[in-house]
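See structure below.
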Amino acid sequence: MKIVAIVGSPRGAKGATGALTKIVLQGAESLGATCEMIVIRGQEVKPCKACDTCHKVGSCPQKDSFRTIKESVDAADGLILATPNYISHVSAQLKAFFDRCCGVVHCQGFEGKYGAAVVTSGGGDEAPIAEYMNRFLAVTGAVPVGSVWATMGQVQGYDFPAEIKEEAHSLGMRLVKAWSAKEITPEYQEITLGFRERMRALMLWRKAEWPYEYEYWKACRGLSA
Ligand SMILES: Cc1cc2nc3c(=O)[nH]c(=O)nc-3n(C[C@H](O)[C@H](O)[C@H](O)COP(=O)(O)O)c2cc1C
């Protein structure tokens, strides 16, 4: 299994989020996965311009690092999303990546991949951020398997307490096991399958404006009309 972890912290791999993500990757590697950490810092992922070109022709016209990061994700079986808590949400860097994936969402382009979420914060509120990232995974068609987080105000340096280390390591292992078993999680059942029907309806509504996506749905997802 090949896993890509995208770390959205401006501190890159050297921050708390990178440190926690490394433990998740060690868990995955212990079961034979090959892992790559992609740090958005130092690269450029511009915000979406809402030009709708991805929906019309299938690719983004902006020339920046989004394309290469997306290629790495496309080539992977697993996708870990990692962010610091920035005012109760993901970092702007990671949000820009999510928004640039609008065409992926419409075409359910990460279907078949398995994913997980990693969050660190100064003082708390990690759960809704992890839930949001797992929702992102689910609406791209991927199967979210879980999350781990750490409140850094309660940690000495980056020396995470044993239970958080254990949770992070287990999450990496769980990702590999779920992918190997082609497991369908309740989140996937609940979110992805319903969301896919919304996308099907959207394609029929926008078929004139978004020819690439409409034709994709007809050719690959059995859309009729
Ligand atoms: C712009 C900014 C906003 C932040 N907002 C929050 C917040 O709302 N709640 C919180 O608990 N911590 C907040 N923090 C603290 C970070 O989430 C925390 O230090 C995190 O562990 C940093 O991870 P990193 O070292 O990987 O960048 C914020 C930090 C910054 C720089």
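The values are calculated or read from the model by the stated rules, or taken from the named source; none is laboratory data. Given the structure is predicted, the values throughout are model-derived calculations rather than measurements. Methodologically, a virtual Cβ is constructed for each residue, glycine included, from the backbone with ideal geometry; neighbour enumeration extends over all protein chains shown. We work out accessible area using only protein heavy atoms, side chains counted, and drop any ligands, DNA or RNA first. Shrake-Rupley method; radii C 1.70, N 1.55, O 1.52, S 1.80 Å.
Positive contributions from Lys and Arg (+1) and negative ones from Asp and Glu (-1), summed over other residues with Cβ under 15 Å from the Cβ of residue 37, come out at +3.
To the nearest 0.05, how large is the calculated FRET efficiency for residue 46 and residue 202 if R₀ is 35 Å and r is the Cβ-Cβ distance?
Working: r = 25 Å, r/R0 = 0.70.
The computed FRET efficiency comes out at 0.90.
If you take every residue apart from residue 117 with its C-beta less than 13 Å away from the C-beta of residue 117, what net charge results, scoring Lys and Arg +1 and Asp and Glu -1? Net of charged neighbours comes to -2. Seen against the Cα atoms of the chain and their longest principal axis, helix 162-181 is set at about 30 degrees. Here the range 194-225 is scanned for amide nitrogen atoms under 12 Å from the site 7 Å beyond the Cα of residue 56 along Cα-to-Cβ, giving 209-212. Summing charges over neighbours of residue 158, with a neighbour being any other residue whose Cβ is under 10 Å away from its Cβ, gives +1 when K and R count +1 and D and E count -1. A straight Cα-to-Cα reach below 27 Å connects residue 177 with the lysines 2, 22, 70, 113, 165, residues fewer than 8 places away in its own chain not being considered.
Can you tell me the accessible area per residue over the range 2-220, all protein chains present, probe 1.4 angstrom, in square angstrom? Write out the running numbers ahead of the final one.
Details: 9950 Å² over 219 residues.
Accessible area per residue, the range 2-220: 45 Å².
Carbon and sulfur atoms: what percent of the 1.4 Å accessible area of the range 2-220 do they account for?
On the way: 5330 of 9950 Å².
Ligands and nucleic acids excluded, carbon and sulfur give 54 percent.
The orientation-averaged shadow of the Cα convex hull for the range 1-150, equal to a quarter of the hull surface, comes to 8.1 nm². Computed from Cα positions, the angle between helix 127-139 and the longest principal axis of the chain comes to roughly 30 degrees. What the phi angles of the range 47-58 give under the Karplus curve with 6.51, -1.76 and 1.60, with θ = phi - 60°, is a coupling list of x, 4, 9, 6, 7, 6, 4, 4, 6, 7, 10, x Hz, glycine and proline written as x.
Given the -39500 (n - 2.57) contribution per DSSP H run of 4+ residues, what per-residue ellipticity at 222 nm results for the chain, rounded to the nearest 500 deg cm²/dmol?
Values: 9 runs with 99 residues, N = 225.
Taken over the chain, the calculation gives -13500 deg cm²/dmol.
Have a look at 196, 206, 41 and tell me which one the Gaussian network model of the chain (Cα, springs below 10 Å) gives the largest fluctuation. Per the Cα network of the chain with a 10 Å cutoff, 206 tops the list.
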